[in-house]
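What follows draws every value from the coordinates through simple rules; no lab data is involved. In this text the structure is predicted, and so the values were computed from the model without any measurement. Cβ atoms come from the backbone with ideal geometry, glycine included; neighbour counts cover every protein chain shown.
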Amino acid sequence: MIEQVKGTRNIANDDSAKFLHVKNTFINKFSDYGYKYIQTPLLEYKELFDKSIGESSEIVTKQMYELKDKGGRDLVLRPEGTSSVVRYHAEFNKDNTSKYSYFGSMFRYENPQKNRYREFNQAGAEIVGLIDIYSDFQIINDSLNFINNLLPGTTLKINTIGSIEDREAYVKVLYEYFSKNKEKLSNESLEKIENNTLRILDSNNSEDREIISNAPTINEYINTHSKENFESLLRLLDNSQINYEIDFSLVRGLDYYNDLTFEFHTEESVVVGGGGRYDNLAKILSIGDFNGVGVAFGVERIMNLLSEIKISSKYYLLGTNIDNLTKYSKILDENNINYNKPSRVSKENAQFKEAKKLNAEYLINADEDTIKNLITNETEAFDIEVILEH
RNA sequence: GUGAUCGUAGCUCAGUUCGGUUAGAGCGCCUGGUUGUGGUCCAGGAGGUCGCGGGUUCGAAUCCCGUCGGUCACCCCA
């Protein structure tokens, strides 16, 4: 038996309807809001993510699917979507400001568990170009409208992490603080002191809790401009009656963020999406000097929280005579009626069972020239005019 | 990368402790009949490299080692 590749998923059976529901809702909503759907390649140069996500991030150091193609190029299966959108924008749309939405597979090599797979789908939106606080606001506002349509009760957590320079200064202070308190830190956190100091802050380890709670907060190191922006954004949210929770420990996994970071938490405390501002990403990639703000949702995380979606076919065409079946198919097709039918000419009882299983409303019997309402159990002579009126 | 746990029919599982005829059940599927109060019922049937590889043994679904995969947690993250 050849089994599936570890961490990949087959979207089939009950998942199919959920997947399509999430995808259609996302694309329709964001397209109504004016975001242009974009599909970028699954393959990108490794360099794109080395530079954008940052060499200190685990995504780059451990989790990328890397491959060399036959021309010797260093490629990766994309681990996230923002970098590709920004690459596209710089190449084909540089001087404009655009809203983009995307939907598709991302790849990260890590051990699978609930809500985390090696190939997973992200639904994302970006505003790239010349942007301001209103751009930040609408990414959050549009995201909340989308996610609360699927998962009511999902809430916003928000933070500002200041400029990249602020963060560098803060990391230095934090490094000194943790170095002085090394003996109180857990082994896991000790490993992070040199390369990933910031991440010690969101350790769940009980040993670390006290030392973290007394650590200097980033708040003191954030420049006044960033602070003012954050406060105006919070005012915009207040005015729109959007609830939020400020969480100073909210840092994102990707290095390119500055100022705004946010996450969406469901009632079950699952983080189904997150995003932030990335004003320096184009500069980091040396492809331009424009800004951006974006969001990404974990499609499987949303799917795992949806209750079962039942799909039904309104009409089911039944028959044990192939000529009768094809005759009725022609009539129905010509009148643009969607209907289901048996995969082959099987026994009548089996066809009837299938029609019931698929929650069909009407059963067209090609052998008897009748149509039966399966809810009221009334049978009458088949008449295409009656169907067209349904 | 680390740890726990599982893998027997399409699905859910029994059998594994303590090795022993031909590996079972329910559901689903197929055929014939029955049924128009049509999902029922009756009869028959198909379907299994016991995840894979190696080892121990007269003999392995069962014991040992390895490996692949599922689930969950840590790390990390959407």
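For segment A:253-390, compute Rg over Rh where Rg is the Cα radius of gyration and Rh is the Kirkwood radius from the inverse mean 1/r over Cα pairs.
Numbers: Rg = 26.4 Å, Rh = 19.5 Å.
With Rg and the Kirkwood Rh in hand, the quotient comes to 1.35.
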Checklist entry - Debye sum, Cα scatterers, segment A:244-313, no solvent: what log₁₀ I/I(0) at q = 0.21 1/Å? => result -0.93
Checklist entry - Just from the alpha-carbon atoms, what are the Rg and Dmax of segment A:167-233 in angstroms? => result 13.2, 41
Checklist entry - If the cut-off is 17 Å between C-alpha atoms, which aspartates and glutamates fall inside it for residue A:180, apart from same-chain ones fewer than 8 positions away? => result A:188, A:191, A:194, A:207, A:208, A:210
Checklist entry - Using a simple spin-label model with points 7 Å from Cα along the Cα→Cβ vector, what separation in nm is obtained for residue A:214 and residue A:21? => result 5.0 nm
Next on the checklist: On a 32 Å Cα-Cα criterion, which of the cross-link pairs A:310/A:347; A:6/A:51; A:99/A:157; A:51/A:184; A:68/A:172 come out too long?
Outcome noted: A:51/A:184; A:68/A:172
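Would segment A:106-192 count as rounded, prolate or oblate if I go by the C-alpha gyration tensor, calling it rounded below 1.5 in a/c and otherwise prolate when a/b exceeds b/c, oblate otherwise? Display every interim value, and only then the final one.
Working: a/c = 2.32, a/b = 1.41, b/c = 1.64.
Oblate.
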Checklist entry - Using 7 Å Cα-to-Cβ label points, what is the residue A:13/residue A:115 separation (nm, one decimal)? => result 2.3 nm
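Would you mind computing the Rg to Rh ratio of segment A:194-261 from its alpha-carbon coordinates, Kirkwood style for Rh? Could you put the intermediate results ahead of the total?
Numbers: Rg = 14.2 Å, Rh = 14.0 Å.
Here the Rg-to-Rh quotient is 1.01.
Can you flag which of A:18/A:314; A:23/A:341; A:23/A:227 are past 24 Å Cα-Cα? Walk me through the numbers before you get to the answer.
Numbers: A:18/A:314 20 Å; A:23/A:341 27 Å; A:23/A:227 36 Å.
Where the Cα-Cα span goes over 24 Å, the pairs concerned are A:23/A:341; A:23/A:227.
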Checklist outcome for this item: Ranked output for segments A:172-179, A:110-117, A:300-307 by mean other Cβ atoms within 10 Å, highest leading, reads A:300-307, A:172-179, A:110-117
Next on the checklist: How tilted is helix A:348-357 with respect to the longest principal axis of chain A? Cα atoms for both, answer in degrees (0 to 90, nearest 10).
Outcome noted: 40 degrees
Next on the checklist: Quick check: the angle from helix A:224-239's long axis to the longest principal axis of chain A, C-alpha only, nearest 10 degrees?
Outcome noted: 30 degrees
Checklist entry - Cα axis of helix A:82-92 to longest principal axis of chain A: angle in degrees, 0 to 90, nearest 10? => result 90 degrees
Checklist outcome for this item: Taking segment A:142-299, the whole-percent share of alpha-carbon pairs separated by over 20 angstrom is 55 percent
Checklist entry - Along the three principal axes, how long is segment A:315-390 when you take its alpha carbons, biggest first, rounded to the nearest angstrom? => result 30, 28, 20
Item to check | Net charge of neighbours whose Cβ lies under 14 Å from the Cβ of residue A:348, counting Lys and Arg as +1 and Asp and Glu as -1 | outcome: +3
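For a Förster distance of 35 Å, can you work out the FRET efficiency between the beta-carbons of residue A:171 and residue A:310, rounded to the nearest 0.05?
Values: r = 51 Å, r/R0 = 1.47.
With R0 = 35 Å, the Cβ-Cβ based efficiency is 0.10.
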Item to check | Among A:72-79, A:308-315, the order from most to least packed when residues are scored by Cβ within 10 Å on average | outcome: A:72-79, A:308-315
Checklist entry - What translational diffusion coefficient, in µm²/s and rounded to a whole number, does the Stokes-Einstein relation yield for chain A at 20 °C and a viscosity of 1.002 mPa s, taking the hydrodynamic radius as the Kirkwood radius over Cα pairs? => result 88 µm²/s
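Take the eigenvalues of the Cα gyration tensor for segment A:57-124, scale each by 5, and report the square roots as semi-axes in whole Å, largest first.
Working: eigenvalues 118, 65, 18 Å².
Calculated on Cα positions only, the semi-axes equal 24, 18, 10 Å.
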